[in-house]
Amino acid sequence: MTDPHPFIAGLPKAELHVHHVGSASPRIVAELAARHPDSKVPTDPEALADYFTFTDFAHFIEVYLSVVDLIRTPEDVRLLTFEVARDMARQNIRYAELTVTPFSSTRRGIPEVAFMEAIEDARKSAESELGVVLRWCFDIPGEAGLQAAEETARLAVERRPEGLVSFGLGGPEIGVERPQFKPYFDRAIAEGLHSVPHAGETTGPQTIWDALTVLRAERIGHGTSSVQDPKLLEHLAEHRIALEVCPTSNIATRAVTDIELHPIREMVQAGVLVTVNSDDPPMFGTDLNNEYAVAARLLALDEQGIASLAKNAVEASFLDPAGKRRLAEEIDTYTANWLRAPPADPVRHNGPMADTTTRITAVGHRGDPYRARENTLPSIRSALDRGRTRSRSTYA
C-alpha cells in the first residue's frame, strides 16, 4: 500500500481522545485572540505555527492554557465546539468523544448553565447539520488540584448535559498522583459515567496501574509506558482495556523521542486494543486522518488492517450497541466497496497532513513516511486479527 491517504480520507471513523480547546483550528484561535486582544496568543494564523512548536510537555501545557484563556463567553464556547465538529466532518469522523474541561471555563466567569447550553447547542447542530455525533468527557485539569476535581465532579453530576458519557483526568502526570482523585471518580462512576483518565504518557507503568486499580479506568489515555511492563500489557489485552494512542502528540511533546521508536507496534503485537487518536490536532499540525496514516506506516497495514483499527475505536467507544453495529457495518461496507473497485480519482485529503509529515521528519522520522515494513506485516496483521476475533460479538 503505497499511499494510505485516499482510503483513510473516506473511511468512516470514531475518535476517542481529542480535546475540545486543543482542537481549535488556527483560524478559530486567531479569531478568538482578536476578540480578546489582552491575550498573548498571536492573531496571525501563520505565527501560530511557531507558537505551537513545543520544547517539552510542560511547555505544551503552558501554551495550551493560553488558548484556554481565550474561551471567555458562551458564544466563544459554541463557536469553538461547532467548528471542531466541522473539522471532524471534513475527515469523515462520524462519532467523537470530545474531552471538555468545564472548570477552565467556569473559573473564567462563564456561568455553568450557559456553558452547558453552549456545548449542547453546538452538539445538536453538529449532528443535524454535519452528521457528526458528539459526546462529552468532562476531565479534571490535574495541574489545578483537588478543587478542580471537586468542581468537575459536581458539574458532571449536578449539571450533567445530555451528551456526557465519561469522566477523565488530564494535564501533567509528574507530581500529580492518580490515587488522590479517587473520591471524584467514585462519585462520577456512581452516577453512571465511564472512567477514562490519562495515564502513562510521561510517567511509568505504575501510573497506569493506579488508573486501573484506583480510578477504575475503562480506557487509558495514551498509556505510552505500558510497554515497559509485560504483565500490564497482558492485563490490558486480557480485559480488552483500550489504549487511546496519539502518535504525533507523543512526538510533539517529546513523550516519545523518535516516531520509529513509538511503542504502538509492541502494543498491537501484545494483543492490546489500540485506538488511534489526534489529541490536540491543530496544535500538533495533524488530524485524525494523518494519525491513521502514521499508524498504517508504523504497522505496515493494508486497507483491511486500517479498517480494523477504525473498528477498534468503535468497540472501545461508549456508543450504544445499535450505534456500534451501524458504524462497524459502515466501515465494513466502505472497505469492501473500496477493495472491489477503488475510485479512479479518489478524494484526497487536503488538510494539514503535509505539514505533519514535515514535522515528524524534523523530530526524528527517517525516510518515506508511507514506506511499508513488510517484515513486520504478518505479526501485526495476526495481532489485529486476534483482536477482531475476540471482539466480534460486540457487533452481533
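The values are calculated or read from the model by the stated rules, or taken from the named source; none is laboratory data. The model shown is predicted, which means the values in this text are computed figures rather than measured ones. Positions of Cβ are backbone-derived with ideal geometry, glycine not excepted, and every protein chain shown enters the neighbour counts.
Looking only at the range 41-54, which residues are more than 21 Å from the chain's Cα centre (by Cα) and of a type outside the set (A, V, I, L, M)?
Pro42, Thr43, Asp44, Pro45, Glu46, Asp50, Tyr51
Please work out if Ile140 is modelled with pLDDT of 95 or more, closer than 21 Å to Val256 by Cβ and aliphatic (A, V, I, L, M).
no
Can you give me the number of residues within the range 74-99 that are buried (at least 19 other Cβ atoms within 10 Å of the Cβ) and closer than 15 Å to Asp121 by Cα? Step through it out loud before you land on a result.
Taking the range 74-99 and keeping what is buried (at least 19 other Cβ atoms within 10 Å of the Cβ), we get 74, 76-82, 84-85, 87-88, 91-99.
With the extra rule that they be closer than 15 Å to Asp121 by Cα, the set shrinks to 74, 76-82, 84-85, 98.
Matching residues across the range 74-99 total 11.
Go over the candidates Ile71, Ile110 one by one and state the one that is farther than 13 Å from Leu32 by Cβ, free of Cβ contacts under 8 Å to residues at least 60 places away in the same chain and part of a loop (DSSP other than H, G, I, E, B).
Exactly one residue qualifies, and that residue is Ile110.
Return yes when Tyr64 is in contact (Cβ under 8 Å) with a residue 60 or more places away in the chain and of a type in the set (Ser, Thr, Tyr) and no when it is not. Don't jump to the end; show me each part of the working.
Numbers: in contact (Cβ under 8 Å) with a residue 60 or more places away in the chain: yes; of a type in the set (Ser, Thr, Tyr): yes.
In short, yes.
Take residues that are more than 22 Å from the chain's Cα centre (by Cα) and tell me which of the helices (runs of 4 or more DSSP H) falling wholly in the range 117-217 contain 3 or more. Explain how you work it out, then say what you get.
Numbers: elements: 145-158, 182-190, 205-213.
Ranges flagged: 145-158, 182-190.
Is at least one residue of the range 97-104 at pLDDT 85 or above, touching a Pro at 6+ places or on another chain (Cβ under 9 Å), closer than 30 Å to Asp332 by Cβ and of a type outside the set (A, V, I, L, M)?
The answer is no; no qualifying residue exists.
I'm trying to understand the selection: among the residues of the range 41-61, which are without any contact (Cβ under 8 Å) to a residue 40 or more places away in the chain and in contact with a Ser or Thr (Cβ under 7 Å, 6 or more places away or on another chain)?
Val41
Can you tell me which condition Ile8 does not meet? The list is (1) farther than 30 Å from Glu330 by Cα; (2) crowded, with 17+ Cβ neighbours inside 10 Å, and all the others hold.
(1)
Just the residues that are out of contact with any helix residue (DSSP H, G or I) (no Cβ under 7 Å at 6 or more places or on another chain) and either buried (at least 19 other Cβ atoms within 10 Å of the Cβ) or not in a loop (DSSP other than H, G, I, E, B) (or both), please, taken from the range 36-49.
Once the filter is applied, which keeps residues that are out of contact with any helix residue (DSSP H, G or I) (no Cβ under 7 Å at 6 or more places or on another chain) and either buried (at least 19 other Cβ atoms within 10 Å of the Cβ) or not in a loop (DSSP other than H, G, I, E, B) (or both), the range 36-49 yields Glu46, Ala47, Ala49.
From the list Pro343, Pro321, exactly one residue is surrounded by fewer than 24 Cβ atoms within 10 Å (Cβ to Cβ), over 20 Å from the mean Cα position of the chain (by Cα), farther than 24 Å from Pro197 by Cβ and at pLDDT below 95. Which is it?
The match here is Pro343.
Mind listing whichever residues of the range 50-63 are surrounded by fewer than 22 Cβ atoms within 10 Å (Cβ to Cβ) and assigned to a helix (DSSP H, G or I)?
Matches in the range 50-63: Asp50, Tyr51, Phe57, Ala58, His59, Ile61, Glu62, Val63.
Going by what's in this entry, would Ala24 be described as at pLDDT below 90 and surrounded by 22 or more Cβ atoms within 10 Å (Cβ to Cβ)?
When the stated conditions are applied, Ala24 passes them.
Here is a check on your reading of the model: is Val67 in contact with a helix residue (DSSP H, G or I) (Cβ under 7 Å, 6 or more places away or on another chain), buried (at least 24 other Cβ atoms within 10 Å of the Cβ) and within 27 Å of Leu130 (Cβ to Cβ)? Full working, then the answer.
Numbers: in contact with a helix residue (DSSP H, G or I) (Cβ under 7 Å, 6 or more places away or on another chain): yes; buried (at least 24 other Cβ atoms within 10 Å of the Cβ): yes; within 27 Å of Leu130 (Cβ to Cβ): yes.
Considered against the rule, which asks whether it is in contact with a helix residue (DSSP H, G or I) (Cβ under 7 Å, 6 or more places away or on another chain), buried (at least 24 other Cβ atoms within 10 Å of the Cβ) and within 27 Å of Leu130 (Cβ to Cβ), Val67 comes out as yes.
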